[in-house]
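The values are calculated or read from the model by the stated rules, or taken from the named source; none is laboratory data. Since we're looking at a predicted model, the values are computed, not measured. Because the Cβ atoms are built from the backbone with ideal geometry, glycine has one as well, and the counts that use them run over all protein chains shown. Areas reflect the complete protein model, heavy atoms only, side chains present, ligands, DNA and RNA absent. Shrake-Rupley method; radii C 1.70, N 1.55, O 1.52, S 1.80 Å.
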Amino acid sequence: MRIFFWSADSSGCSYYRCELAAGELATRGHETLVSTSMPAEWMHTSDVIVGQRVCQPGATLRWQQLAQQGRARLVYEIDDDLLSVDPSNVQAWAFFGRAEIRANVIRNIKVSDLVAVSTEPLAEVVSNLNPNVTVLPNCVPGSLLDAPPAL
């Protein structure tokens, strides 16, 4: 199976929500790729596309087109309730508080084949938009717990 992870950025969330999952799937014989941009080859040949927090206008257009084509299974990946960002979280609110971005999150969740969330409370919120929700808790390899602190 060919699985593309469309990561929102190169932060920690990408690492433990996309890169670790892709690595594990690769060890099980699947062909995987993680990228913040979607190469045309992968867009047209993936069996599954995992989209992490897809909500930018251009990305949303692509996600909606993919949903209409119905070729790949679409998994919307979200590990925070982006529809209830508190205004005191100034940086997140400046982006996710925008009406267009909120509407895109909702539209993209609704057309996805599956929504992967990090917690049961988030699953409850998202299930109001899409009944096909699964909880995949945030995880890191146990070996990282023994790693020396970065200086």
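Comparing Cα centroids, segment 1-50 and segment 91-115 end up 20 angstrom apart. For the chain, the share of accessible area belonging to carbon and sulfur comes to 55 percent (1.4 Å probe, ligands and nucleic acids excluded).
Normalised Debye scattering of segment 1-78 at q = 0.15, 0.25 Å⁻¹ gives log10 I(q)/I(0) of -0.45, -1.25, counting only Cα atoms as equal scatterers and leaving out solvent.
Computed with a 1.4 Å probe over protein heavy atoms only, the accessible area of Arg107 comes to about 110 Å².
Extension gain for Ala103 to Gln69 (0.36 nm times residue separation, less C-alpha to C-alpha distance): 10.1 nm. Between the listed residues Phe4, Gln69, Gly142, the Cα displaced farthest toward the positive end of the dipole of the chain, a dipole computed from Cβ unit charges relative to the Cα centre, is found at Gln69.
Its residue count N sets the reference 2.2 N^0.38 Å, and the alpha-carbon radius of gyration of the chain equals 1.05 times that reference. When peptides 129-135, 23-29 are sorted by average Cβ neighbour count within 10 Å, with the highest value leading, the order is 129-135, 23-29. Estimated from helical segments only, the mean residue ellipticity of the chain at 222 nm is -10000 deg cm²/dmol, where each DSSP H run of four or more residues counts as -39500 (n - 2.57). Basic side chains Lys and Arg get +1 at the Cβ, acidic Asp and Glu get -1 at the Cβ, and with that the dipole of segment 1-96 about its Cα centre reaches some 360 debye.
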